[in-house]
Amino acid sequence: MGPQSNSSVTDFLLAGLTSQPELQIPLFFLFLGFYVVTVVGNLGLITLIGLNSHLHTPMYFFLYNLSFIDFCYSTVITPKMLMSFVSKKNIISYAGCMTQLFFFLFFVISESFILSAMAYDRYAAICNPLVYMATMSSQICLLLLLGVYVMGFVGAMAHTACMVRLTFCANNLVDHYMCDILPLLALSCTSTYVNELVVFIVVGIDTGVPTVTIFISYALILSSILHIHSTEGRSKAFSTCSSHIIAVSLFFGSGAFMYLKLSSLLSMNQGKVSSLFYTIVVPMLNPLIYSLRNKDVKIALKKTLSKVLFS
């Protein structure tokens, strides 16, 4: 992936989030705080699920992976972004930029598919509770997880391979705080038609398939819940889904806003703000949503803390 082969640009400058000097330090501490909460929240949830055998169920197996994905993809983005607040010039090498693009896309696409696997899991639990353990056997969970990461890899490879074939000439200022598809395409001095086509197709599949899966799962779940006669049964079923619905709305809402708009309608600054939402805010909120709204996680946390304190 030698930059010299098809590009006179050997490194890129990341414009960062803002050019106003007085905002740099406050923003640095704000996002550092976000990152610390993200790391502690996601690694904490991973540890909790790992340590507590009563959380070794399909639902928590997927949650474990969601936390892993969130931790990884905020780590691909945030440390480099924090540098832009404190360094005069935030330089990233051509290879570094393509690597960041690849891993960012890999984890983002994996996240959209893991959320749809979680929706399917809730569907199996609520609509067919009697055969739930057979429907979500460990083999099926592993196959679903394999599918999640394969889709992430294929999507990220498609975008990155198309990006590597472009030529970047004199202008190397990326108007963003990370190497993302749209701001990089804006710098190319060769035709980006193929890239735009790939973005359209891949983003279509990677948001379309999970969205349809999630919608169908929830339509079936809703009709199932409406057939439950006891109020208690209904509220229990609703509460197992509510945190997932919140996580899905946050992630897909901000992601769709960023990619499915016409780039001319939305200035890059607004684009940066909506990117912030799904690259920084969502990975931070997911562990909070799942732990604060979840009885099992709270019990596991109490158990683990009491073990630690009393040992």
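The values are calculated or read from the model by the stated rules, or taken from the named source; none is laboratory data. On a predicted model such as this, the values are computed, not experimentally measured, just so you know. A quick note on method: Cβ atoms are made from the backbone with ideal geometry, for glycine too, and the neighbour counts reach across all protein chains shown. The area values use the complete protein model at the heavy-atom level, side chains included, leaving out ligands, DNA and RNA. Shrake-Rupley method; radii C 1.70, N 1.55, O 1.52, S 1.80 Å.
State whether the residues of the range 83-99 include one that is among the hydroxyl-bearing types (S, T, Y), free of Cβ contacts under 8 Å to residues at least 60 places away in the same chain, within 21 Å of A158 (Cα to Cα) and open to solvent by less than 10 Å² (accessible area, probe 1.4 Å). Can you show your working first?
Step one: filter the range 83-99 for residues among the hydroxyl-bearing types (S, T, Y), giving 84, 87, 93-94, 99.
Pick out the ones that are also free of Cβ contacts under 8 Å to residues at least 60 places away in the same chain and you get 87, 99.
Then keep just the ones that are within 21 Å of A158 (Cα to Cα); that gives 99.
Okay, now just the ones that are also open to solvent by less than 10 Å² (accessible area, probe 1.4 Å), so none.
For the range 83-99, residues among the hydroxyl-bearing types (S, T, Y), free of Cβ contacts under 8 Å to residues at least 60 places away in the same chain, within 21 Å of A158 (Cα to Cα) and open to solvent by less than 10 Å² (accessible area, probe 1.4 Å): absent.
Which one of these is modelled with pLDDT of 90 or more, polar (S, T, N, Q) and out of contact with any Phe, Trp or Tyr (no Cβ under 8 Å at 6 or more places or on another chain): N52, N65, N6? So that I can check it myself, show each step before the final result.
On the way: N52 fails: modelled with pLDDT of 90 or more; N6 fails: modelled with pLDDT of 90 or more.
Criteria check complete, one pass: N65.
I'm told E232 meets every condition in (1) more than 21 Å from F215 (Cβ to Cβ); (2) surrounded by fewer than 21 Cβ atoms within 10 Å (Cβ to Cβ); (3) at pLDDT below 80 except one. Can you identify the failing condition by its number?
Of everything listed in (1) more than 21 Å from F215 (Cβ to Cβ); (2) surrounded by fewer than 21 Cβ atoms within 10 Å (Cβ to Cβ); (3) at pLDDT below 80, E232 misses just condition (3).
Please work out if T213 is surrounded by 15 or more Cβ atoms within 10 Å (Cβ to Cβ), in contact with a Ser or Thr (Cβ under 6 Å, 6 or more places away or on another chain) and either part of a loop (DSSP other than H, G, I, E, B) or polar (S, T, N, Q) (or both).
Working: surrounded by 15 or more Cβ atoms within 10 Å (Cβ to Cβ): yes; in contact with a Ser or Thr (Cβ under 6 Å, 6 or more places away or on another chain): yes; either part of a loop (DSSP other than H, G, I, E, B) or polar (S, T, N, Q) (or both): yes.
Yes; evaluated as a whole, the condition is true for this residue.
Just need a number here: residues in the range 157-184 that are in a loop (DSSP other than H, G, I, E, B) and either over 21 Å from V108 (Cβ atoms) or open to solvent by 10 Å² or more (accessible area, probe 1.4 Å) (or both). Break it down stepwise before answering.
As a first pass, look at the range 157-184 and keep what is in a loop (DSSP other than H, G, I, E, B): 165-167, 169-172, 175-180.
From what is left, the residues that are either over 21 Å from V108 (Cβ atoms) or open to solvent by 10 Å² or more (accessible area, probe 1.4 Å) (or both) are 165, 167, 169-172, 175.
Of the residues in that region, 7 qualify.
Among the residues of the range 121-137, what is the count of those that are touching a residue at least 60 places away in the same chain (Cβ under 8 Å) and farther than 21 Å from R234 by Cβ?
So the count comes out to 1.
Across the range 54-71, what is the total count of residues that are open to solvent by less than 20 Å² (accessible area, probe 1.4 Å) and either closer than 20 Å to I280 by Cα or within 14 Å of the chain's Cα centre (by Cα) (or both)? Reasoning before the result, please.
Within the range 54-71, the first condition is being open to solvent by less than 20 Å² (accessible area, probe 1.4 Å), and the residues that meet it are 55, 58, 60, 62-63, 65-67, 69-70.
Next, only the ones that are either closer than 20 Å to I280 by Cα or within 14 Å of the chain's Cα centre (by Cα) (or both) stay: 62-63, 65-67, 69-70.
Residues that pass the stated criteria total 7.
Taking the conditions exactly as written (over 22 Å from the mean Cα position of the chain (by Cα) and of a type in the set (D, E, K, R)), does K88 satisfy them or not?
On the way: over 22 Å from the mean Cα position of the chain (by Cα): yes; of a type in the set (D, E, K, R): yes.
Yes, satisfied.
Is it the case, given these coordinates, that V154 is more than 21 Å from S239 (Cβ to Cβ), at pLDDT 95 or above and open to solvent by less than 50 Å² (accessible area, probe 1.4 Å)? Can you show your working first?
Working: more than 21 Å from S239 (Cβ to Cβ): yes; at pLDDT 95 or above: yes; open to solvent by less than 50 Å² (accessible area, probe 1.4 Å): no.
In short, no.
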